[in-house]
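Novice: Can you read through this structure? Questions will come right after.
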Amino acid sequence: MCTYLTERLAVEGSAKAGERWAAVSSASVYFDHPVHANAEHSVNLDFFDARDSGLSRRVAVELTPSAARELAAAIERVLASAPAELIAN
Amino acid sequence: MNPRTHNLSAQTVSYPSADGAQIEGFLAQPSDLGSFPGVVVIHHLPGYDQATKEMAMKFASQGYAALVPNLYSREAPGAAPDDAAAIARAQGGIPDDQLVSDVEGAARELRGLAGANGKVGVIGHCSGGRQAFLSACRLRLDAAIDCYGAFVVGTPPPESGLKAQPLLDLAPSLSCPLLGLFGADDKFPSPAHVAELEAALRAAGKDYEFHSLAGAGHGFFAVDRPSYRVEAANQGWAFVFDFLGRHLRGAAA
């Protein structure tokens, strides 16, 4: 089904697509049909460049649910192990 | 009913939505028939994609003019279909009123084609199934096909942030016969959801025909996805063309 489940959030950072970097300012996280991944449903991440320049509108990633959980856990692990004084926000 | 495969032509077009906006669309039509009905083909949430355009060409090969509105024409003009879908989703999807306007304009466009017999149906899959039902309740159409549309019964979760409204209360205003094609193993819509919709249509005295296809879940028509089920899809297409042949062929009402 189209789950419609979508979280949207403002983000601060950059992303690279092809040869070009750009600042990204918003993201969508959703569990729904992938475009390319060989799965009926996937966790999909879109990072948008608000100025719509350089990234050809977005950088997209589609992950299986288990891969998405592993990614989320890995992000939490590296943040937890990084020196707190290096994490400004 | 549809005895042979027709020659066809297909092209990208621009047409006016009922609200005045100019909408991109993909139009496929038979090129060897003097008279043909029309079908508005509503793409699914993932967008105005190749698979939906191929469905339009299948309709044309069977003697129907088929128009696929790019429902994200306003939100992301010129974007690749998958990027447009992502952009529309990030904006909360498209409002139901906008969808109805785009389908109304598409139906008008189909009725205005040289050779149109004046009858127009609507078909949609997944989110498009819901939108096909919505369109048939809000517009005067001649046939509607809901292929496993979720949230015809019930409401999308509030955390989805999308602009879709509950539809079941619209059942009394359904303007045309409805064909519903569902996967027996689907969860959204589940057999219980389908039964609830059927009960509402029966109570409203509507003309409907539902088939739940064995061995199929959601998305069984989608040839480019792992949900594809060849047996159910073949049965489903036979139901589609039988239904449309009965309701769209012949003189316009």
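Novice: Would you confirm whether any residue within region A:68-86 is within 14 Å of another protein chain (Cβ to nearest Cβ), surrounded by 15 or more Cβ atoms within 10 Å (Cβ to Cβ) and closer than 21 Å to B:ALA90 by Cα? It would help to see each step written out before you state the result.
Specialist: Step one: list which residues in region A:68-86 are within 14 Å of another protein chain (Cβ to nearest Cβ), which gives none.
No - not one qualifying residue is present in region A:68-86.
Novice: Conditions first: (1) more than 8 Å from chain B (Cβ to nearest Cβ); (2) under 20 Å from B:ARG225 (Cα atoms). A:ALA60 passes all but one, so which condition is the exception?
Specialist: (1)
Novice: Here's another thing I want to ask about it. Given the residues B:ALA86, B:ALA60, which is the only one that is surrounded by 20 or more Cβ atoms within 10 Å (Cβ to Cβ) and within 17 Å of the chain's Cα centre (by Cα)?
Specialist: B:ALA60
Novice: What's the number of the only condition in (1) surrounded by fewer than 22 Cβ atoms within 10 Å (Cβ to Cβ); (2) closer than 27 Å to A:VAL59 by Cα; (3) more than 14 Å from chain A (Cβ to nearest Cβ) that B:ALA51 fails to meet?
Specialist: With respect to (1) surrounded by fewer than 22 Cβ atoms within 10 Å (Cβ to Cβ); (2) closer than 27 Å to A:VAL59 by Cα; (3) more than 14 Å from chain A (Cβ to nearest Cβ), B:ALA51 is out only on (3).
Novice: Output the number of residues of region A:25-48 satisfying the condition of being within 12 Å of chain B (Cβ to nearest Cβ) and more than 22 Å from B:SER190 (Cβ to Cβ).
Specialist: 15
Novice: Hey, another quick one. Out of all the residues in region B:6-38, which are of a type in the set (S, T, N, Q) and either under 29 Å from B:ASP97 (Cβ atoms) or not in a strand (DSSP E or B) (or both)?
Specialist: Within region B:6-38, B:ASN7, B:GLN11, B:THR12, B:SER14, B:SER17, B:GLN22, B:GLN29, B:SER31, B:SER35 meet the criteria.
Novice: Further question on the same structure: Among the residues in region B:25-41, are any among the small types (Gly, Ala, Ser), closer than 21 Å to B:LEU134 by Cα, surrounded by fewer than 22 Cβ atoms within 10 Å (Cβ to Cβ) and under 20 Å from the mean Cα position of the chain (by Cα)? Walk me through it before giving the result.
Specialist: Keep residues of region B:25-41 that are among the small types (Gly, Ala, Ser), which gives B:25, B:28, B:31, B:34-35, B:38.
Those left that are additionally closer than 21 Å to B:LEU134 by Cα: B:25, B:38.
Now restrict to residues that are surrounded by fewer than 22 Cβ atoms within 10 Å (Cβ to Cβ): none.
No: zero hits.
Novice: Right, another one. Of all residues in region B:173-192, count the ones that are surrounded by fewer than 21 Cβ atoms within 10 Å (Cβ to Cβ) and within 22 Å of A:HIS33 (Cα to Cα).
Specialist: 6
Novice: Would you check which residues across region B:71-104 are touching a strand residue (DSSP E or B) at 6+ places or on another chain (Cβ under 7 Å) and either more than 12 Å from every other protein chain (Cβ to nearest Cβ) or farther than 25 Å from A:ASP49 by Cβ (or both) and list them?
Specialist: B:SER73, B:ASP102, B:VAL103
Novice: Let me ask another. Kindly check whether there is at least one residue in region B:222-229 that is at pLDDT 95 or above, of a type outside the set (Ser, Thr, Tyr) and either closer than 30 Å to A:LEU9 by Cα or surrounded by fewer than 22 Cβ atoms within 10 Å (Cβ to Cβ) (or both).
Specialist: Checked region B:222-229: at least one residue is at pLDDT 95 or above, of a type outside the set (Ser, Thr, Tyr) and either closer than 30 Å to A:LEU9 by Cα or surrounded by fewer than 22 Cβ atoms within 10 Å (Cβ to Cβ) (or both).
Novice: Within region B:115-132, how many residues turn out to be closer than 16 Å to B:TYR48 by Cα and assigned to a strand (DSSP E or B)?
Specialist: Number of matching residues: 4.
The values are calculated or read from the model by the stated rules, or taken from the named source; none is laboratory data. As the structure is a prediction and not an experimental result, all values here were calculated from the model. Neighbour counts are summed over all protein chains in view; Cβ atoms, including those assigned to glycine, are modelled from backbone coordinates with ideal geometry.
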